[in-house]
Amino acid sequence: MAYDLIVIGAGPAGITAAVYAARKKMNFIVITGDIGGQAAWSGDVENYTGYQFVTGPELAAKFEEHMRAYGITVKEQEEARELIRDKAVIRVRTERGEYEARAVIIASGKVSKELGVPGEKEFKNKGLTYCATCDGPLFSGKSVAIIGGGNSALDAALQLVKIAKKVYVINNMPKLGGDHVMREKIESNPAVQVLNGAAVLAITGENMVAGIKVKRLDKEEMIPVEGIFVEIGLIPNSKFAGIIDKNKLGEIKINSNNETNVPGVFAAGDVTDVPEKQIIIAAGEGSKATLGAFKYISRMR
Ligand SMILES: Cc1cc2nc3c(=O)[nH]c(=O)nc-3n(C[C@H](O)[C@H](O)[C@H](O)COP(=O)(O)OP(=O)(O)OC[C@H]3O[C@@H](n4cnc5c(N)ncnc54)[C@H](O)[C@@H]3O)c2cc1C
């Protein structure tokens, strides 16, 4: 059976797309790796209208509650692997099966970049992680290093300074980037030591992370830490969409109606080339994508 719509992803864009599809009484499913997406990883969210202050996990829980209220079919922990256009339907192939629909919304967001240094793969989930919000509490009272110097790294450092004994921020640029308010909070905190111009050479340890080897001012040094948070940016989850046009960053190209180059395939949120990656923007784009998909399907009938 072909659905009207398949929504890929359940971050702010996918959840909003799903809520709009439910309200339009479309016959649809959501296929997603997780629920909440990056919104659930963010520490404090202070720029989502209606909430002067809310944590990322709280906001993500509110989004999920809203989606669940409509009894939407959500295929969780299932990832799209391929997208195929077959005459008037689009097939979404996952590791568990194949689904078809008249329209698809790709809202698969972004995923953390890897460092690509020795030790990274061996110590993944053995002290090395890509999510401060999810794993920060495991490092209570310990020394940790955040790798990166932009907003994600600053956000992680601000979360960890409340939990850990000591926080190193290892930044390969000469100065920290990110918002100046966050930068000031980091630079004035005595429990945080910022190492600018430091390149990570390797992650070391026995069974668990024990340190990080860096090169700074032409000198190699070992920093003893039990936790490492890699926060060096994100890449779009768009590989599975081989038939869709992307820009050089791998972001899906869309027009102002969220249409891609393939008729019936729409995209929304961080996975697209829309400038500025924010929760409120992703949510707004998700709603627009569903309204566009709804019009597209109505024209087919
Ligand atoms: C640390 C951090 C802090 C942030 N703080 C803020 C903030 O304070 N304010 C703000 O506005 N924004 C913030 N952002 C940015 C904001 O979180 C993102 O812009 C927003 O979550 C993007 O929503 P999205 O739905 O497009 O994608 P995502 O949130 O990335 O969600 C993508 C969804 O797609 C799923 N998925 C991925 N690949 C597949 C696949 N192949 N098949 C099926 N499902 C798939 C994922 O499991 C996930 O559910 C922050 C981001 C980070 C990382």
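Taking other C-beta atoms within 10 Å as the exposure proxy, GLU221, GLU79 rank GLU221, GLU79 from fewest upward. Going by neighbour counts of Cβ atoms within 10 Å, the residues LYS124, LYS165 line up, fewest first, as LYS165, LYS124.
Each of ASP270, ASP86 was scored by other Cβ atoms within 10 Å of its Cβ. Listed from fewest to most, they are ASP86, ASP270.
Across the stretch 4-14, computed HN-Hα scalar couplings (Karplus, 6.51 cos²θ - 1.76 cosθ + 1.60, θ = phi - 60°) run 5, 8, 10, 9, 9, x, 9, x, x, 5, x Hz from first to last residue, x flagging Gly and Pro.
Pick from GLY127, GLY233, GLY242: which is most flexible by mean-square fluctuation in a GNM of the chain where alpha carbon atoms under 10 Å apart are linked? So, out of GLY127, GLY233, GLY242, the one fluctuating most is GLY242. As a length-normalised measure over Cα pairs under 8 Å and 6 or more apart, the relative contact order of the stretch 183-244 settles at 19 percent. Across the chain, the mean sequence separation of Cα contacts (distance under 8 Å, 6 or more residues apart), normalised by length, yields a relative contact order of 22 percent.
Taking the C-alpha atoms only, the angle from helix 56-68 to the longest principal axis of the chain is near 20 degrees.
At an R0 of 35 angstrom, the distance between the Cβ atoms of MET173 and GLN52 translates into a FRET efficiency of 0.65.
The spacing between the stretch 36-56 and the stretch 76-145, judged by their C-alpha centroids, is 20 Å. The local environment of ARG23, defined by Cβ-Cβ distances under 15 Å, has a net charge of +4 under the rule Lys, Arg +1 and Asp, Glu -1. With a simple spin-label model that places each label point 7 Å from the Cα along the Cα-to-Cβ direction, the separation between LEU138 and ILE243 comes to 3.9 nm.
Other residues with beta-carbon under 13 Å from the beta-carbon of LEU5 carry, at +1 per Lys or Arg and -1 per Asp or Glu, a net charge of +3.
Once you reduce the stretch 196-219 and the stretch 241-292 to the center of their Cα atoms, the two points are 38 Å from each other.
Close amide H partners of GLY11, meaning residues 5 or more places away or on another chain with modelled amide H under 5 Å apart, are GLY36. Considering only GLY136, GLY56, GLY97, the mean-square fluctuation computed in a Gaussian network model of the chain, springs between alpha carbons under 10 angstrom, is largest for GLY97. 3J(HN,Hα) along the stretch 283-297: 4, x, 5, x, 5, 4, 4, 5, 5, x, 5, 4, 5, 4, 5 Hz, from the Karplus curve 6.51 cos²θ - 1.76 cosθ + 1.60 with θ = phi - 60°, whole Hz, x for Gly and Pro. Backbone phi angles across the stretch 142-153, fed through the Karplus curve with coefficients 6.51, -1.76 and 1.60 (θ = phi - 60°), yield HN-Hα couplings of 9, 8, 9, 10, 9, 9, x, x, x, 4, 4, 5 Hz in residue order; Gly and Pro are listed as x. Annotation: lysines with alpha-carbon distance below 27 angstrom to LYS213 (same-chain offsets under eight excluded): LYS113, LYS121, LYS124, LYS126, LYS142, LYS162, LYS165, LYS166, LYS175, LYS185.
Computed from label points 7 Å out along Cα-Cβ, the spacing between LYS253 and LEU201 is 4.4 nm. For GLN193, nonlocal amide neighbours, meaning residues 5 or more places apart or on other chains whose placed amide H falls under 5 Å from its own, are VAL167, TYR168, VAL169.
For the pair ARG68 and LYS295 in one chain, pulling the backbone fully straight at 0.36 nm per residue adds 79.3 nm over the alpha carbon distance. Once the C-beta distance of GLN193 and THR94 is scaled by a Förster radius of 45 Å, the resulting FRET efficiency is 0.55 to the nearest 0.05.
Can you tell which of LYS288, LYS213, LYS253 shows the greatest fluctuation in a Gaussian network model of the chain with Cα springs below 10 Å? Residue with maximal mean-square fluctuation among LYS288, LYS213, LYS253: LYS213. The charge dipole of the stretch 85-239, taken about its Cα centre with unit charges on the Cβ of Lys, Arg, Asp and Glu (plus for the first two, minus for the last two), comes to roughly 360 debye.
When the stretch 1-115 is described by a simple charge dipole with +1 on each Lys and Arg Cβ and -1 on each Asp and Glu Cβ, the residue from ILE35, GLY109, TYR3 located farthest towards its positive end is TYR3.
Read the figures in this text as sums done on the coordinates, not as results from a lab. From a predicted model like this one, the values you see are computed outputs, not experimental measurements. Using ideal geometry, Cβ is built from the backbone for each residue, glycine included, and neighbour counts are taken over all protein chains shown.
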